[in-house]
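Undergrad: This is the structure I have questions about; it appears just below.
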Amino acid sequence: MTASKNPRRPSADELAMLSELEKKVLWLATWTIHQANHLRDASDGLKVGGHQASSASVATILTALYFQVLKPEDRVAVKPHASPVYHAIQYLLGRQTRDKLEAFRAYGGAQSYPSRTKDVDDVDFSTGSVGLGVAQTLFASLTQDYVRAHGWGLERPEGRLIALVGDAELDEGNIFEAMLEGWKQGLRNCWWIIDYNRQSLDAVVREGLWARYEALFRAFGWDVVILKYGSLLEQAFQEPGGERLRQWIDTCPNQLYSALVFQGGSAWRKRLLDDIGDQGPVTRLIERRSDAELGRLMTNLAGHDLPALLDAFAAIGTERPTCLICYTIKGFGLPFAGHKDNHAGLMTPAQMETFRTLCGVRPGHEWDKFEGLALSADRLTTFLAKVPFAQTTMRRLRARRFAVPPELPVSITSPTSTQTGFGAVLNAIGRTDMGFVERIVTTSPDVTVSTNLGGWVNRRGLFAQQALADTFKSERIPSTFHWEFSASGQHIELGIAEMNLFILLSALGLSHSINGERLLPIGTLYDPFIARGLDALNYACYQDARFILVATPSGITLAPEGGAHQSIGTPLIGLAQDGLAAFEPAFVDELAVLLAWSFDYIQKDGEAVPSERTWLRDETGGAVYLRLSTRAIEQPKRSMTPELREAIIDGAYWLRRPGPNCQVVVAYAGAVAPEAIHAVGLMAEDRRDVGLLAITSADRLNAGWMAAQRARERGLVHARAHIERLLGELPTHCGLVTVVDAHPATLSWLGGVAGHRVRALGVEHFGQTGSIADLYRHYGIDSNAIVAAAQLVVPGRPIRHLRALPG
Ligand SMILES: Cc1ncc(C[n+]2csc(CCOP(=O)(O)OP(=O)(O)O)c2C)c(N)n1
Ligand SMILES: [Mg+2]
């Protein structure tokens, strides 16, 4: 089945209904914002800027889409400031409540920017950080293609992916990065509708921007439709003198046009007569119209003209990605239409009263769905009941979960690194026919080989709609990697742009809900470049997308690879990012446990009941971040017991259990394990009962600790987090030395758990290159630095193996 057919043109009767609904949508959106500002206590900081004008700009476009064009299977990213219009439409369709609208922007109310997770009215993609929602539709389209190419979900109709884009939103570079990737991957079924109101937040945009856009979109293989004039203007252009009027509009600067829109009919008349009033027929064209008629005519842009919009949507007969540049007026229909300051503009109570009269809405009837409309409530109700988009109650789908064994096959060599171990685990499971492995989709921004996905890709192939053989293989040129592209491939190779990686992960990670088909996405990149895509990562988590992010190599441990690639702050991102469980294993057996857990965790969507053991809400699931390393280290020879597995997942375990009189505990995470182990050996003679705490997840330890404290404050006096139990065993005089190849704040909070003195070692500066030993010494995270810290944090006799530290 191909994408749903575009709708037939509406009848005159339907057009009349749509035009009534358009008025109602504008009223409801405007009222929602107004009452949130003027009727609520204004001291609560909930005052709105930037919604009324932006919303009015797209009321017609969204009316046309939701009441006529869209099918339930279509998915839409609505520009952030159109949120009130979106909510108003869902209210008319019975999918949003009056309570939520009345509480717009307030606690528990409809959100200022459409939110997939926080709003109740079926938002497809969260928007707010401009540019991200737009690109998400592109990657959601690729995801749909991936799913269907694998033969899944073919019984469902294919949806179109649509973004309503603010014109200033197109300043965001991530949109163009996505377009280039879309071109490479054969993007289809994607519409971007640009609300070309020629205004951003601060200003009126540059002249002729549309022509730049047009050229850009065409260069990336898109069809471009320019929707400039509404039907009134088109008719006027047919009149004698009409062509002259068109020329005048076409050359009118954006600023002047906006100013005239704001000033209204008589200003239009004066200016037009001044400029072209001596030119015969066009003078008569102007003079035939009253001021009001002239104002209506001159602002009749296609983006506010239902017939023009519906015709344009109906005419899109191709699967090619299509950009519609829709001319609109910011604040259309409201008193500040066109004014350059209108972004934060709010209608005064007096203006609102005038608008109320215009809309025929009686006081007390503001939320009545059909108040003030010319058509009967019955007819409109019948029409709304038949709106194609609303024919399915639940547009969000559910997908089955795939069972994952707690133990994944992997043979561990020693010494080895977590990055090598990651490749080995994927390679090993790629060889099996376990059901969940089919659903894994890997992706990487041009670092597939260097993050050790090569073996997996050799086995499972690259994804492309059209098969493409590896010429090196067919020419029998020896190469370690076979890059065969086919529709059954399980790796999506991306260009370098990390933003694209995260937005693709977001799209793949919502497939269970959007396509009804579960994917288990894994994205790999170098750890420092998380920062490049951070906002997209944040939004992926905000939308509750499910994926495993494997970031490697990391820290200063990548040593000779170069100072520029060293990451310091990423574990703090892992700690702070909501919706992302972060781990930094040191050993491959830990990694294998965590991968198995992650494949299951990203599929969970249970109740948010905290576990009594960890105080984590694992049943709700989330995304996962694994920070790995290229450093090959000795691997412990041990068998994986259920207790150890559980502790690795919970975030920490004793690698050396502290004795009853423990004076010092060294707590480490990740690749510095050998230094921590060595340091504990060095001080064994001079400090009693030294403990060594292996931390696999500072993030989960911290989250559990926070939650257990909250639980106790609420009266659950026995609540204990995993880290509280571990550190609670220690005598109070015991000191802690924490060490991590990252900012020391990652672990320094451990001192607060049970009140132990702590010295936190880590990396605060970066940029040196050298060997690992050079850099660990330079930054003070080698075993000698750990011993020096231990000596100071727990005074006692001098530790004999301590050497002088570098100055
Ligand atoms: C990444 C990001 N930067 C800045 C903002 C603040 N902001 C919100 S809307 C906007 C400009 C809106 O202009 P446009 O996209 O043309 O929409 P319009 O207001 O015209 O509807 C800006 C800068 C944001 N939401 N996201
Ligand atoms: Mg704009």
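Undergrad: Are there trypsin sites (Lys or Arg not before Pro) in region 138-242 that DSSP puts in a loop and that have at most 13 other Cβ atoms within 10 Å, and which ones?
TA: For trypsin sites (Lys or Arg not before Pro) across region 138-242 that sit outside H, G, I, E and B with at most 13 neighbouring Cβ atoms in 10 Å, the list reads Arg206.
Undergrad: Equivalent-ellipsoid semi-axes (√(5λ), Cα gyration tensor) for the chain, whole Å, largest first?
TA: 57, 29, 25
Undergrad: Could I ask something else about it? Whole-Hz Karplus ³J(HN,Hα) for region 516-527, in order, using 6.51 cos²θ - 1.76 cosθ + 1.60 and θ = phi - 60°, x for Gly and Pro?
TA: x, 10, 6, 10, 10, x, 10, x, 10, 7, 6, 3
Undergrad: Based on the Kirkwood radius over alpha-carbon pairs, what is the Stokes-Einstein translational diffusion coefficient of region 352-506 at 10 °C with 1.306 mPa s viscosity, in µm²/s?
TA: Calculated translational D: 76 µm²/s.
Undergrad: Let me ask another. Suppose each label sits 7 Å from its Cα in the direction of the beta carbon; what would the Leu216-Glu764 distance come out to in nanometres?
TA: Distance between label points: 4.2 nm.
Undergrad: Next question. Mind listing the phi-derived Karplus ³J(HN,Hα) values for region 476-484, rounded to whole Hz, using 6.51, -1.76 and 1.60 with θ = phi - 60°, and x for any glycine or proline?
TA: Values per residue, Gly and Pro as x: 6, 8, x, 7, 6, 10, 9, 10, 9 Hz.
Undergrad: Still on this structure, please answer the following. So who's got an amide H within less than 5 Å of the one on Ile522, skipping anything under 5 residues away but keeping other chains? H placed 1.01 Å off N, in plane.
TA: Correct list: Val441, Thr442, Thr443, Ile548.
Undergrad: Normalised by the empirical 2.2 N^0.38 Å for globular proteins, what value does the Cα Rg of region 169-243 take? List each step's numbers first, then the result.
TA: Details: Rg = 15.7 Å, N = 75, 2.2 N^0.38 = 11.3 Å.
Expressed relative to 2.2 N^0.38 Å, the Cα Rg reads 1.39.
Undergrad: When a/c is below 1.5 the answer is rounded, else prolate if a/b is larger than b/c, else oblate, so apply that to region 665-807 with a ≥ b ≥ c taken from the square roots of the Cα gyration tensor eigenvalues. The partial results should precede the final answer.
TA: Details: a/c = 2.57, a/b = 1.54, b/c = 1.67.
It comes out oblate by the Cα gyration axes.
Undergrad: According to the square roots a ≥ b ≥ c of the eigenvalues of the Cα gyration tensor, what is the shape class of region 566-710, taking rounded for a/c under 1.5, prolate for a/b larger than b/c otherwise, and oblate for the remainder?
TA: Verdict is prolate for region 566-710.
Undergrad: Between Ala315 and Asp99, what length in nm is gained on full extension when 0.36 nm per residue of separation is reduced by their alpha carbon distance?
TA: Between Ala315 and Asp99, full extension yields 73.9 nm more.
Undergrad: When only Cα pairs under 8 Å and 6 or more residues apart are kept, what is the percent relative contact order across region 324-373?
TA: Value for region 324-373: 20 percent.
Undergrad: Let me ask something else. Taking all protein chains together and a probe of 1.4 Å, list Leu505, Leu375 from the most accessible to the least accessible.
TA: Descending accessible area places them as Leu375, Leu505.
Undergrad: Right, here's the next one. Treating cross-link reach as a plain straight distance, find the lysines whose alpha-carbon is under 30 Å from the alpha-carbon of Lys330, omitting any fewer than eight places away in the same chain.
TA: Candidates past the 8-residue exclusion: Lys23, Lys24, Lys47, Lys71, Lys79, Lys100, Lys118, Lys228, Lys270, Lys340, Lys369.
Undergrad: With a ≥ b ≥ c taken as the square roots of the eigenvalues of the C-alpha gyration tensor of region 266-366, please select rounded if a/c is under 1.5 and otherwise prolate if a/b is larger than b/c or oblate if it is not?
TA: Here region 266-366 falls in the oblate category.
Undergrad: Compute the projected area of the convex hull of the Cα atoms of region 291-330, averaged over all viewing directions, and report it in nm² to one decimal place.
TA: 3.4 nm²
Undergrad: Additional query: Based on the mean of other beta carbon atoms within 10 Å per residue, what is the order of 285-295, 83-93, most packed first?
TA: 83-93, 285-295
Undergrad: So what is the relative contact order of the chain, in percent, for Cα pairs below 8 Å that sit 6 or more residues apart?
TA: Numbers: 1686 pairs, mean separation 88.1, N = 807.
Relative contact order here is 11 percent.
Undergrad: Can you compute 3J(HN,Hα) from phi for each residue in region 222-232, using the Karplus curve 6.51 cos²θ - 1.76 cosθ + 1.60 with θ = phi - 60°, rounded to whole Hz and x for Gly and Pro?
TA: Values per residue, Gly and Pro as x: 8, 7, 10, 10, 9, 10, 9, 9, x, 5, 4 Hz.
Undergrad: Continuing with this model, one more query. Could you please state how large a percent of the accessible area of region 636-690 is carbon and sulfur, counting protein chains only and using a 1.4 Å probe? If you can, show how the numbers build up before the last one.
TA: On the way: 1180 of 2240 Å².
Looking at region 636-690 in its full context, I get 52 percent from C and S.
Undergrad: I would also like to ask the following. Please get the size of the charge dipole for region 637-681, origin at its Cα centre, with Cβ charges of +1 on Lys and Arg and -1 on Asp and Glu, quoted in debye to the nearest 20.
TA: It comes to approximately 180 debye.
Undergrad: Let me spell out the model: positive unit charges on the Cβ of Lys and Arg, negative unit charges on the Cβ of Asp and Glu, origin at the Cα centre of the chain. What dipole size does that give, in debye rounded to 20?
TA: 840 debye
Undergrad: Could you report the chain's accessible area per residue, 1.4 Å probe, as an integer in Å²?
TA: Heavy-atom accessible area per residue stands at 38 Å².
Undergrad: Oh, and also: Name the lysines eligible as straight-distance cross-link partners of Lys473: C-alpha to C-alpha under 24 Å, and not fewer than 8 places from it in the same chain.
TA: Output for Lys473: Lys184.
Undergrad: Sticking with this structure for a sec: State log₁₀ I(q)/I(0) for region 87-142 at q = 0.18, 0.26 Å⁻¹ as given by the Debye formula over alpha-carbon point scatterers of equal weight, solvent excluded.
TA: Reported log10 I(q)/I(0), two decimals: -0.62, -1.00.
Undergrad: What does the helix-only formula give at 222 nm for the chain: each DSSP H stretch with n ≥ 4 adding -39500 (n - 2.57), the total divided by the residues, and the result rounded to the nearest 500 deg cm²/dmol?
TA: The helix contribution divided over the chain gives -12000 deg cm²/dmol.
Undergrad: Can you tell me the equivalent ellipsoid semi-axes for region 39-192? Use √(5λ) from the Cα gyration tensor, largest first, whole Å.
TA: On the way: eigenvalues 172, 66, 34 Å².
Over the Cα atoms of region 39-192, the ellipsoid semi-axes are 29, 18, 13 Å.
Undergrad: Taking the Cα centre of region 282-353 as origin, work out the dipole magnitude from +1 charges on Lys and Arg Cβ and -1 charges on Asp and Glu Cβ, in debye rounded to 20.
TA: 180 debye
Undergrad: Could you tell me what percent of the accessible area of region 248-336 is made up of carbon and sulfur, with a 1.4 Å probe and every protein chain present?
TA: 51 percent
Undergrad: Which Cα, out of Pro560, Ala215, Phe472, lies furthest along the positive dipole direction of the chain (beta carbon charges, K/R +1, D/E -1)?
TA: Sorting the options by dipole projection puts first Pro560.
The values are calculated or read from the model by the stated rules, or taken from the named source; none is laboratory data. No experiment lies behind these values; they were computed from the predicted model shown. FYI the Cβ positions are ideal-geometry reconstructions off the backbone, even for glycines, and counts take in every protein chain you see. These accessible areas exclude ligands, DNA and RNA; they are computed on the full protein's heavy atoms, side chains included. Shrake-Rupley method; radii C 1.70, N 1.55, O 1.52, S 1.80 Å.
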